[in-house]
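Participant: Below you will find the structure I want to go over with you.
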Amino acid sequence: MTLTATRDDVETGGFGIAEPPLKGIRIIAAEQYGAGPFATMYLSDMGAEVIKIEPPKTDKGAGGDSSRQSGPYFLGEDDSQFFQTFNLGKKSLTLDLRHPEGQAVLHRLVAGADAVLNNLRGDQPAKLGLTHAALASVKPSIVCAHLSGYGREGERANWPAYDYLMQAEAGFLSLTGEPDGAPTRMGLSIVDYLTGITTAFALTAALLGAARTGRGRDVDVTLYDVAMHQLTYPATWYLNEGVETTRRPRSGHPSVVPCETFPTSDGRIFIMCILPKFWEKLCQLTGLPELLDDPRFQSNKARYENRDALIASLDAALSTRPTGEWMARFAGQLPAAPVLTIGSALDNPYFRATGGVQAVDHSARPSLQVLSNPIRLDGSRAEARRGPGLGEHTDGLLSELGYAPAEIAALREKNII
């Protein structure tokens with residue numbers, strides 16, 4: 001793998017402009033459900049070939065990534081809208097890694113791959129031969145990324161883990177919701193997604209190191225560590241000052257006022273006066289210039305201490321007009337956003353105009369609507385491609401590895417693929 005591009009490379013499309021940055025990188029992924037697939041989908045969108053290893057079907061019919069059976073919206077047999085959400089653009093290989101012949105297939109794959117990623121329970125990668133120690137003899141430069149709940153060592157290595165549990169133990173619930181309400185989780189599986197993105201970054205960084213040195217390594221990222229790391233400045237405040245950040249009314253900022261939601265005549269709007277100039281602009285645009293001369297509100301500290309009186313004045317003004325009218329008045333001058341439902345957010349003309357949604361061809365749902373990757377390369381978003389059928393690429397990949405048709409048939413007969 002080349003780390004730099006010459007001017008001629010760029011001008012002729014050899015690197016960076018005409019081709020995605022990870023083109024030519026092959027990643028083997030023993031993954032399921034959310035965080036791991038989210039990580040490798042980013043890598044796939046950046047041009048990597050992601051080969052998703054899935055358990056073969058058993059006599060009872062079970063098999064594949066469990067998210068293929070995640071309802072309520074299915075796309076034929078062994079597929080669902082949930083599965084497609086996290087597996088766009090990948091290939092699927094059914095393979096039983098617990099069987100010696102399955103391990104032999106894995107080793108052939110690794111010989112031509114750059115990285116192996118898994119999001120299994122911490123005690124599983126060593127058992128399934130997915131560590132650098134197990135694979136370095138096959139390819140010394142292989143990078144082995146492990147995404148787990150609590151890591152591969154320690155007393156929690158064999159603990160099952162889920163996003164909501166991390167939100168609970170990392171204190172997220174104590175920061176979310178109204179001060180007088182019950183602890184509340186965030187509406188999305190945000191720890192899964194942050195851990196997926198962190199793992200994608202860590203794997204890519206390790207690939208650069210392997211390209212430079214010829215030596216691979218293990219890379220470990222855990223849901224728990226990522227959740228705790230996201231505590232950011234409230235953690236710094238607590239660790240150094242003993243101050244425990246708590247929930248603020250209306251989803252407000254812990255130390256800045258006004259920086260919260262406000263009622264309008266037809267909904268709610270979020271306004272953020274992080275800087276003094278935005279506080280001044282808010283007073284001008286809402287027709288309340290007298291607040292600027294009120295000694296109760298002339299500093300951020302004063303506004304924080306006199307929040308109730310300030311919010312009462314702002315509520316009275318903002319509730320006289322609809323959200324859309326305020327947004328038109330604030331646009332580009334004051335940091336503000338409408339408080340939308342999921343449906344309204346996805347139907348937002350701005351979101352659609354910026355290419356936030358694409359359609360992919362799917363046999364069970366022509367023009368299946370999916371979200372676009374948020375990264376733009378040379379000004380364009382990656383083209384979305386449907387996720388694979390269960391085992392769709394098994395025969396082709398095994399043939400590429402040198403397996404004859406009879407050998408493939410024998411592996412299938414033993415339920416290894």
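Participant: Which ³J(HN,Hα) values, rounded to whole Hz and listed in residue order, are derived for region 244-260 from phi using the Karplus coefficients 6.51, -1.76 and 1.60 in 6.51 cos²θ - 1.76 cosθ + 1.60 with θ = phi - 60°, glycine and proline given as x?
Facilitator: 9, 5, 10, 5, 10, x, 6, 6, x, 5, x, 9, 10, 9, x, 7, 5
Participant: Give me a comma-separated list of calculated 3J(HN,Hα) values for region 55-69, in order, Karplus coefficients 6.51, -1.76, 1.60 applied at θ = phi - 60°, integers in Hz, x for any Gly or Pro.
Facilitator: So the J values, rounded to whole Hz, are x, x, 5, 9, 4, 7, x, 6, x, x, 4, 4, 5, 4, 9.
Participant: Hey, another quick one. Which of the helices in the chain meet the span-like rule: DSSP H, Cα axial reach of 30 Å or more, Kyte-Doolittle mean at least -1.0? Intermediate results must be reported in sequence, preceding the final value.
Facilitator: Values: long enough: 190-213 (34 Å, 1.18).
The answer, listed by residue number, is 190-213.
Participant: Ignoring ligands, DNA and RNA, what accessible area per residue does region 19-67 give at 1.4 Å, in Å²? Write down the numbers at each step before the final one.
Facilitator: On the way: 1660 Å² over 49 residues.
So region 19-67 comes to 34 Å² accessible per residue, rounded to a whole number.
Participant: What is the distance, in nm, between label points placed 7 Å from the Cα along the Cα-to-Cβ direction at R217 and at K301?
Facilitator: Modelled inter-label distance: 4.6 nm.
Participant: Beta carbons within 10 angstrom, averaged per residue: use that to sort the peptides 203-210, 324-331, highest first.
Facilitator: 203-210, 324-331
Participant: Mind jotting down the distance between the C-alpha centroids of region 348-394 and region 399-417, whole Å?
Facilitator: 32 Å
Participant: For Cα pairs less than 8 Å apart in space and 6+ apart in sequence, what is the mean separation divided by the residue count of region 342-381, i.e. the relative contact order in percent?
Facilitator: Details: 32 pairs, mean separation 11.0, N = 40.
Relative contact order of region 342-381: 28 percent.
Participant: Students often check this: by mean Cβ neighbours within 10 Å, which of 410-416, 180-186, 38-44, 391-397 ranks highest, and how do the rest follow? Let's see the in-between values first.
Facilitator: Values: 410-416: 15.9, 180-186: 12.1, 38-44: 26.1, 391-397: 17.9.
For the peptides 410-416, 180-186, 38-44, 391-397, the packing ranking is 38-44, 391-397, 410-416, 180-186.
Participant: Right, here's the next one. Taking N as the number of residues in region 14-69, what is its Cα Rg relative to 2.2 N^0.38 Å?
Facilitator: Numbers: Rg = 14.3 Å, N = 56, 2.2 N^0.38 = 10.2 Å.
This ratio for region 14-69 stands at 1.40.
Participant: Counting only protein heavy atoms, what percent of the accessible surface of the chain is carbon or sulfur at a 1.4 Å probe?
Facilitator: Values: 11610 of 21210 Å².
Here carbon and sulfur together make up 55 percent of the probe-accessible area.
Participant: Further question on the same structure: In square angstrom, what is the accessible area per residue of region 315-417 with a 1.4 angstrom probe?
Facilitator: On the way: 6000 Å² over 103 residues.
Using a 1.4 Å probe on heavy atoms only, each residue of region 315-417 averages 58 Å².
Participant: Can I ask one more? Taking only protein heavy atoms and a 1.4 Å probe, what accessible area per residue, in Å², does region 151-194 have with all protein chains in place?
Facilitator: On the way: 2700 Å² over 44 residues.
Accessible surface, normalised per residue, equals 61 Å².
Participant: Return the long-range amide H neighbours of Y33 (sequence gap of 5 or more, or a different chain), with a cut-off of under 5 Å between placed amide H atoms.
Facilitator: HN-HN under 5 Å from Y33: S66, S67.
Participant: Suppose a student asked you for the relative contact order of the chain, using Cα pairs under 8 Å spaced at least 6 residues apart; what percent would you report?
Facilitator: Working: 721 pairs, mean separation 72.0, N = 417.
The normalised contact order for the chain reaches 17 percent.
Participant: Going by amide H atoms built from the backbone, whose H comes under 5 Å of the H on A145, apart from near neighbours?
Facilitator: So A145 has HN proximity to V116, L117, N118, V219.
Participant: Enumerate the whole-percent occupancy of each 20 Å bin, from 0 to the last occupied one, for all C-alpha pair distances of the chain.
Facilitator: Pair shares across the bins are 22, 47, 26, 5, 0.
Participant: Full-extension gain between D308 and M228, please, as 0.36 nm times their residue separation minus the C-alpha to C-alpha distance. Numbers along the way, then the final one.
Facilitator: Values: separation 80, 0.36 × 80 = 28.80 nm, distance 3.24 nm.
Residue separation times 0.36 nm, minus the Cα-Cα distance, leaves 25.6 nm.
The values are calculated or read from the model by the stated rules, or taken from the named source; none is laboratory data. For clarity, every value in this text was computed on a predicted model and none was experimentally measured. Glycine gets a Cβ as well: all are built from the backbone with ideal geometry, and neighbour counts include every protein chain shown. SASA here: full protein model, heavy atoms, side chains in, ligands and nucleic acids out. Shrake-Rupley method; radii C 1.70, N 1.55, O 1.52, S 1.80 Å.
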